[in-house]
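Engineer: Structure provided below as structure tokens; questions to follow.
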Amino acid sequence: MIGGMAWAARVRDLRPSATLALNARAAELRRQGRHVISLAVGEPDFPPPKAALAAGHEALDEGFTRYTPAAGIPELRKAVAAMMQRELGIACSADEVVITVGGKQALFNLMLALLDSGDEVVIPAPYWVSYPEMARLAGARPVIVPTQAEAHFKLSPEALAAAITPRTRLFVLNSPSNPTGMRYTAEELGALSEVLRAHPRVWIVSDEIYRKILFDGAQHASIVQVAPDLAERTVIIDGASKAYRMTGLRVGFAIGPKPLMRVMAAIQGQSTSNTCAIAQRMALAAIQSEDDGIAEMCEAFARRRNRVLEVLGGIDGVRLPKPEGAFYAFPDLSARLQNEDDVAFCTRLLEEEGVAVVPGSAFGAPGCVRISYAVADEELEEALTRFVRALG
Ligand SMILES: Cc1ncc(COP(=O)(O)O)c(C=O)c1O
């Protein structure tokens, strides 16, 4: 809750990012000389593709520093469309793509374009922290549907059907998932599609920003591949932040039906305009390069994921479904924690052991914590030792 008297109704219940306070405290402890390890990070610890860095220098040298079209440079929109076709087999043209200020703005513009007050947005929990807040900012009501660790945090078709009402306007799907690392298989997406087919008013946003970060040879499945008939009311969210390790450069992609993309581009044209011109050229180079950095990163993440599973998976009262992608593990500690909730545990872990992880409550899943393993192996090892000690 943001304090103050005279703010607009839409921000009265806005929750600031849960990790901010945590990171501030971690920084404070570091200043005091403590060795603090943060497993709270939401970005890969790997550099962008070399081709992207070279393209950035080149764009600067060329003086490519002016406004671009709000929806992005045509070459990049075209390259994203071609990538959708090449990698997912989804037919797509450049005018079905909008280039945004990170995946975040793609999601935000989508909600502004679709939602009216009174509309409901179905969001499975654990969810990425921004979905409910964005829905509320757009005037709509988030309808949170819990899932369980035993079911690998996956939403069942029955639970989806039960959550949809005549007011439902949007369903948020995120695979691979932040915060759980879970991914839906094609079969599971097929079952969810069956439910969605019966509700033509409901749009689907499929946040696939982690789709290239998968382990053990797992293949990504998109709902648009599985249910092409739903493409006319589905928007895919993708971007350069995670796969291409370009978080600070702020390049996201929205891929969806032309009329909606036009509206989203118009919203962008009246708010931020284009994302950074140079960053767009960098994203273009990243897409067009043979980037073996992704494979190297996935290998490291898979190795670290295995360590987290080895260390925490065997502890009594810790339920930890095996993450299949992204760089997060999401253990459910509720059977283990005594006399303290997830927030108290995370606070104690930071104060006593100097390890930062994000409480599950921030993701709508109290009793759990999110561990990011986008840190060096040695740091992870040390952090896990401290984590186990704090668990007692
Ligand atoms: C699930 C999910 N979607 C979207 C985003 C937005 O990423 P960005 O705006 O950095 O592209 C993130 C970033 O953490 C995420 O985890």
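Engineer: To the nearest 20 debye, what is the magnitude of the charge dipole of the chain about its Cα centre, counting +1 on the Cβ of each Lys and Arg and -1 on the Cβ of each Asp and Glu?
Structural biologist: Once rounded to the nearest 20, the dipole reads 980 debye.
Engineer: A further question on this structure: Order VAL98, VAL343 by their accessible area, 1.4 angstrom probe, all chains in place, largest first.
Structural biologist: Order by accessible area, largest first: VAL343, VAL98.
Engineer: Give me the log10 of I(q) over I(0) for the chain at q = 0.10, 0.13 Å⁻¹, as the Debye formula computes it from C-alpha points; what are the numbers?
Structural biologist: Ignoring solvent entirely, the Cα scatterers give -0.66, -1.14.
Engineer: Follow-up question, since we're still on this one. For TRP7, TRP203, give the ranking by accessible area with the largest first, probe 1.4 Å.
Structural biologist: TRP7, TRP203
Engineer: Take each uninterrupted DSSP H stretch in the chain, measure its Cα extent along the helix axis, and return the ones at 27 Å or beyond whose mean Kyte-Doolittle hydropathy is at least -1.0.
Structural biologist: 293-313
Engineer: Okay, next question. Using just the C-alpha positions of the range 50-158 as equal point scatterers, what log10 of I(q)/I(0) does the Debye formula give at each q in 0.20 1/Å?
Structural biologist: Cα-only, vacuum Debye calculation for the range 50-158: -1.11.
Engineer: Tell me the GluC sites (Glu not before Pro) within the range 264-319 that lie in a loop according to DSSP and have at most 15 other beta-carbon atoms within 10 Å.
Structural biologist: Within the range 264-319, the qualifying GluC sites (Glu not before Pro) (loop, at most 15 other Cβ atoms within 10 Å) are GLU290.
Engineer: Out of the range 279-351, which trypsin sites (Lys or Arg not before Pro) are coil in DSSP terms and have no more than 16 other C-beta atoms within 10 Å?
Structural biologist: Answer by residue number: ARG336.
Engineer: At what distance in angstrom do the alpha carbon centres of the range 222-283 and the range 102-133 lie from each other?
Structural biologist: A separation of 14 Å, based on Cα centres.
Engineer: Right, here's the next one. Answer rounded, prolate or oblate for the range 206-258, using the Cα gyration tensor with square roots of eigenvalues a ≥ b ≥ c: rounded when a/c is under 1.5, else prolate when a/b is larger than b/c, else oblate.
Structural biologist: oblate
Engineer: PRO166: net charge of surrounding residues, Cβ under 14 Å, Lys/Arg +1, Asp/Glu -1, itself excluded?
Structural biologist: +1
Engineer: Quick one: grab the alpha carbon gyration tensor of the range 128-192, order the square roots of its eigenvalues as a ≥ b ≥ c, and give me rounded if a/c is under 1.5, else prolate or oblate depending on whether a/b is larger than b/c. Intermediate values should be presented prior to the final figure.
Structural biologist: Numbers: a/c = 2.01, a/b = 1.36, b/c = 1.48.
Verdict is oblate for the range 128-192.
Engineer: Please compute the per residue accessible area over the chain with all protein chains in place, 1.4 Å probe, rounded to a whole number of Å².
Structural biologist: Heavy-atom SASA per residue in the chain reads 42 Å².
Engineer: Under the classification rounded if a/c is under 1.5, otherwise prolate if a/b is larger than b/c and oblate if not, where does the range 200-298 fall, given a ≥ b ≥ c as square roots of the Cα gyration tensor eigenvalues?
Structural biologist: Oblate, because a/c is 1.5 or more while a/b does not exceed b/c.
Engineer: Sticking with this structure for a sec: Whenever you get a sec, compute what percent of the accessible area on the range 1-131 sits on carbon and sulfur atoms (1.4 Å probe).
Structural biologist: The computed percentage sits at 57.
Engineer: Quick one: net charge around ARG183, please, counting Lys, Arg +1 and Asp, Glu -1 for every other residue with C-beta under 14 Å from its C-beta. If you can, show how the numbers build up before the last one.
Structural biologist: Details: positive: LYS154, ARG211, LYS212, LYS242, ARG305, LYS322; negative: GLU187, GLU188, ASP207, GLU208, ASP216, GLU324.
Residues close to ARG183 contribute a combined charge of 0.
Engineer: Order the following by accessible area, largest value first: ARG136, ARG12. Probe radius 1.4 Å; ligands, DNA and RNA are ignored.
Structural biologist: ARG12, ARG136
Engineer: Here is a further query. Per DSSP helix of 4 or more residues, -39500 (n - 2.57); summed, then divided by the residues of the chain. What does that give at 222 nm, rounded to the nearest 500?
Structural biologist: Using -39500 (n - 2.57) per qualifying helix, the result is -12000 deg cm²/dmol.
Engineer: Now a separate question. How many percent of the accessible area of the range 251-392 is carbon or sulfur, using a 1.4 Å probe?
Structural biologist: Ligands and nucleic acids excluded, carbon and sulfur give 49 percent.
The values are calculated or read from the model by the stated rules, or taken from the named source; none is laboratory data. Not measured: the values here are computed from a predicted model. Note that each Cβ is placed from the backbone with ideal geometry, even for glycine, and that neighbours are counted across all protein chains shown. The area values use the complete protein model at the heavy-atom level, side chains included, leaving out ligands, DNA and RNA. Shrake-Rupley method; radii C 1.70, N 1.55, O 1.52, S 1.80 Å.
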